[in-house]
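**Student:** Pasting a structure below so you can have a look.
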Amino acid sequence: MTLKMGFIGFGKSTTIFHLPYVLIRDRYEVKKIYSRSQKPEMEQPYRDQNIEFVYKLEELLHDNEISLITICTSDDTHFDYAKKCLEHGKHVLVEKPFCYTGEEAKELLDLAANKNLIIMPYQNRRFDSDFLALQQAISSRKLGRVTEIESHFDYYRPEAPDSNSSSRYGGAVYGLGVHLIDQAVSLFGTPKKVYYDIRSVRNPNNSDDYFHIELFYGELKYIVKMSHLVKQPYPKFIAHGSGGSFIKYGIDRQEEDLFSGKSPLEEGFGLDPARSFGRIAWVNAGEEKEETLLTPKGDYGTIYDLLYEAVVNGAPKPVTDEEILTVIEILERGVNGESPKVLSY
């Protein structure tokens, strides 16, 4: 069965992070894209693939052949667009962040449940090669009982002129922290407590551009960090345990390759260079050992494969409601300056 779908939004999110993966999957057909303005030169390559562009949202929402809509618009529109799609009987995939507040998230999830529809965020970085390498290291059991994991997403961008946006949701926590926190939640579930250090280190007039957030899972502490003032890179992942340690430098290359115009079908797309392969050092029966781990190949399109199975064949959706609510609560409490608390659902 071919799942006919549409997109709301026709910017870089749609053209860079979604269409390259959807258009190479036979089980999907992109029928319509809604854009608020016409972009003839950008549109033509997709029109050549029989994709129709519409400039009134109703033309997308009222198309009964379309079962799924992906929302790739500015963060502040996600809730309203997602609600309209659900009200018109469409399954929905929403770019991150899913929405701003737990109240909004709960309303969308309840509406979807009442209409027997699927809605979830596009948590594509669960399929980053570096994150898959971390999972491989943990599952090898060479680390023993894992006690600490540290995850980084850093830049060196010292210039920060005053922003036009004063939204508390417009900073690094909602923009990038959402990925790192979701990765932790996908592995270990709801943390027992959370510690926050969220700041603007470049320009105090702007939203946060630095965070250090610690998620506590009993004896395991999972640290997520990001700053715009990191000139010498940290490892992307560090993991320590009773048996040994894992260190991985270098971020997943899919985004870089996508922006350079490469297709996921091209040879070498997204492959990690050997210099970035992770290393495990551990002790086995008193003997010191060290090993290089070949980085698994990442594939953001996997989330569309799993979503297809959920929509068409009734499989569990890959990002659960509990995971959605957990991530949103962690984000929301952090930017609102609320004290850490024990999370539970």
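The values are calculated or read from the model by the stated rules, or taken from the named source; none is laboratory data. Not measured: the values here are computed from a predicted model. Cβ sites come from the backbone with ideal geometry, for glycine too, and all protein chains shown count toward neighbours.
**Student:** Suppose we keep only residues that are farther than 22 Å from LYS83 by Cβ and in contact (Cβ under 8 Å) with a residue 40 or more places away in the chain within segment 26-68. Which one would you say is farthest from the chain's Cα centre (by Cα)?
**Tutor:** PHE53
**Student:** Return only the number of the condition from (1) within 30 Å of ILE69 (Cβ to Cβ); (2) among the charged types (D, E, K, R); (3) in a loop (DSSP other than H, G, I, E, B) that ARG125 does not satisfy.
**Tutor:** If we test ARG125 against (1) within 30 Å of ILE69 (Cβ to Cβ); (2) among the charged types (D, E, K, R); (3) in a loop (DSSP other than H, G, I, E, B), just (3) comes out false.
**Student:** Would you mention how many residues in segment 238-279 are assigned to a strand (DSSP E or B), in contact with an Asp or Glu (Cβ under 6 Å, 6 or more places away or on another chain) and among the hydrophobic types (A, V, I, L, M, F, W, C)?
**Tutor:** Residues flagged as assigned to a strand (DSSP E or B), in contact with an Asp or Glu (Cβ under 6 Å, 6 or more places away or on another chain) and among the hydrophobic types (A, V, I, L, M, F, W, C) within segment 238-279 amount to 1.
Residues are listed down the side, and each one gets a yes or a no for (1) charged (D, E, K, R); (2) more than 24 Å from SER129 (Cα to Cα); (3) modelled with pLDDT under 95:
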position	(1), (2), (3)
ARG157	yes, yes, yes
SER166	no, yes, yes
GLY171	no, yes, yes
HIS179	no, no, no
GLY189	no, no, no
VAL201	no, yes, yes
ASN205	no, yes, yes
LEU220	no, no, no
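**Student:** Given the conditions (1) of a type outside the set (S, T, N, Q); (2) in a helix (DSSP H, G or I); (3) not assigned by TED's automatic domain parsing to the domain that holds VAL224, report the number of the one that CYS99 does not fulfil.
**Tutor:** (2)
**Student:** Can you tell me which condition THR15 does not meet? The list is (1) among the hydroxyl-bearing types (Ser, Thr, Tyr); (2) under 23 Å from the mean Cα position of the chain (by Cα); (3) over 23 Å from GLU256 (Cβ atoms), and all the others hold.
**Tutor:** Going through (1) among the hydroxyl-bearing types (Ser, Thr, Tyr); (2) under 23 Å from the mean Cα position of the chain (by Cα); (3) over 23 Å from GLU256 (Cβ atoms) one by one, THR15 breaks only (3).
**Student:** Going by what's in this entry, would LEU108 be described as crowded, with 20+ Cβ neighbours inside 10 Å and either out of contact with any Ser or Thr (no Cβ under 7 Å at 6 or more places or on another chain) or at pLDDT 95 or above (or both)?
**Tutor:** Numbers: crowded, with 20+ Cβ neighbours inside 10 Å: yes; either out of contact with any Ser or Thr (no Cβ under 7 Å at 6 or more places or on another chain) or at pLDDT 95 or above (or both): yes.
Criteria met by LEU108.
**Student:** If you don't mind, another one. Go through SER13, SER74 for me and flag whichever is surrounded by fewer than 20 Cβ atoms within 10 Å (Cβ to Cβ) and touching a residue at least 40 places away in the same chain (Cβ under 8 Å).
**Tutor:** SER13
**Student:** Taking into account only those residues within segment 28-43 that are exposed (fewer than 14 other Cβ atoms within 10 Å of the Cβ) and basic (Lys, Arg), which is nearest to LYS12 (Cα to Cα)?
**Tutor:** Ranking the qualifying residues of segment 28-43, first place goes to LYS39.
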